[in-house]
Amino acid sequence: MIPRERRIRLTEMYASIQGESTHVGKPCLFIRLTGCNLRCTWCDSEFTFTGGKQEDLDEVVTRAHDYGIHTIEITGGEPLLQKTAIPLMARLLGLGHEVLLETSGNMPIGPVPDEVHVIMDLKCPDSGEVEKNLWENIAELQSNDEVKFVIASRRDYEWARQKTAEHGLSARCTVLFSPVWGTVDPSDLVDWIVEDRLSVRFQLQVHKVIWPPDARGV
């Protein structure tokens, strides 16, 4: 029996390149934890909602470190649903890794170690989960963190533009505007950003360009 303080439910661990954020293109080890409390309409990771395998934190850390890849991303699902995600990140930092955290912004990020690069996904209206955004998290953001808006429509774009200005996000950290794959034409989103002279960064999910959009483990 694994002690409670060392239990972590893992969907998968794999090496690839980082397909999103300002870290795009870097070799990256992904640790994908199981479970999510949101049900976004455009979710591409529904396989993480249930299942997974309960593992020992010590063994996960050792296995991750043994890949020999400097950058490691903790993702999900929603990784912060598992309390063990915090010591996981701390242990990996202690081993000298650059650690990224992909989180929905629905869970408090205050307990996350300061050295972790938080990539916080604020939910736009068309996600169906806009009411779940935890706006108190904005005060916790640091300059090395990032806020991502996944945009499924012109309405989503206008909402993201408004929230970026309202909360002064571009002055606080990098802001990413990302089109929902197959829903918004990337060229339209680029046009909107340029026309409005926004201080944000357009991004594509590069892994969906390199491999089939529904491929796993890449």
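The values are calculated or read from the model by the stated rules, or taken from the named source; none is laboratory data. Computed from a prediction, not measured in an experiment: that's the story for all the values here. Reconstructed Cβ throughout: ideal geometry from the backbone, glycine too, with neighbour counts over all protein chains shown.
When the residues of the range 1-10 are filtered to those that are among the aliphatic types (A, V, I, L, M) and over 23 Å from T71 (Cα atoms), which remaining residue is surrounded by the most Cβ atoms within 10 Å (Cβ to Cβ)? I'd like the intermediate steps shown before the answer.
We begin by selecting, within the range 1-10, every residue among the aliphatic types (A, V, I, L, M); these are 1-2, 8, 10.
Okay, now just the ones that are also over 23 Å from T71 (Cα atoms), so 1-2.
Numbers: M1: 4, I2: 13.
Filtering first and then ranking leaves I2.
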> Applying the selection to the range 124-147, what residues are in contact (Cβ under 8 Å) with a residue 60 or more places away in the chain and either surrounded by 23 or more Cβ atoms within 10 Å (Cβ to Cβ) or over 24 Å from G19 (Cβ atoms) (or both)?
Replying inline: S127, K132, E146
> Which condition breaks for A171 when tested against (1) under 19 Å from K123 (Cβ atoms); (2) free of Cβ contacts under 8 Å to residues at least 24 places away in the same chain; (3) among the hydrophobic types (A, V, I, L, M, F, W, C)?
Replying inline: (1)
>> So V60 passes all but one of these: (1) in contact with a Cys (Cβ under 6 Å, 6 or more places away or on another chain); (2) at pLDDT 95 or above. Which condition number does it fail?
In response: (1)
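A quick yes/no check of all residues on (1) touching a strand residue (DSSP E or B) at 6+ places or on another chain (Cβ under 6 Å); (2) under 20 Å from R6 (Cβ atoms); (3) surrounded by 20 or more Cβ atoms within 10 Å (Cβ to Cβ); (4) among the β-branched types (V, I, T):
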residue: D66; (1), (2), (3), (4): no, yes, no, no
residue: L88; (1), (2), (3), (4): no, yes, yes, no
residue: L92; (1), (2), (3), (4): yes, yes, yes, no
residue: L95; (1), (2), (3), (4): no, yes, no, no
residue: E102; (1), (2), (3), (4): yes, no, yes, no
residue: I109; (1), (2), (3), (4): yes, no, yes, yes
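When you look at P79, is it touching a residue at least 24 places away in the same chain (Cβ under 8 Å), at negative phi, surrounded by fewer than 21 Cβ atoms within 10 Å (Cβ to Cβ) and in contact with a helix residue (DSSP H, G or I) (Cβ under 8 Å, 6 or more places away or on another chain), yes or no? Full working, then the answer.
Details: touching a residue at least 24 places away in the same chain (Cβ under 8 Å): yes; at negative phi: yes; surrounded by fewer than 21 Cβ atoms within 10 Å (Cβ to Cβ): no; in contact with a helix residue (DSSP H, G or I) (Cβ under 8 Å, 6 or more places away or on another chain): yes.
When the stated conditions are applied, P79 does not pass them.
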> Within the range 120-138, can one find any residue that is aliphatic (A, V, I, L, M) and in a strand (DSSP E or B)?
Replying inline: yes
> If we keep just the residues of the range 11-37 that are of a type in the set (A, V, I, L, M) and crowded, with 20+ Cβ neighbours inside 10 Å, which is nearest to G105 (Cα to Cα)?
Replying inline: L33
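So that you can scan it fast, the table gives a plain yes or no per residue for (1) within 17 Å of I8 (Cα to Cα); (2) in contact with a Ser or Thr (Cβ under 9 Å, 6 or more places away or on another chain):
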residue: I31; (1), (2): yes, yes
residue: C36; (1), (2): yes, yes
residue: C40; (1), (2): no, yes
residue: F49; (1), (2): yes, yes
residue: R63; (1), (2): yes, no
residue: G76; (1), (2): yes, yes
residue: G110; (1), (2): no, no
residue: H117; (1), (2): no, yes
residue: N133; (1), (2): no, yes
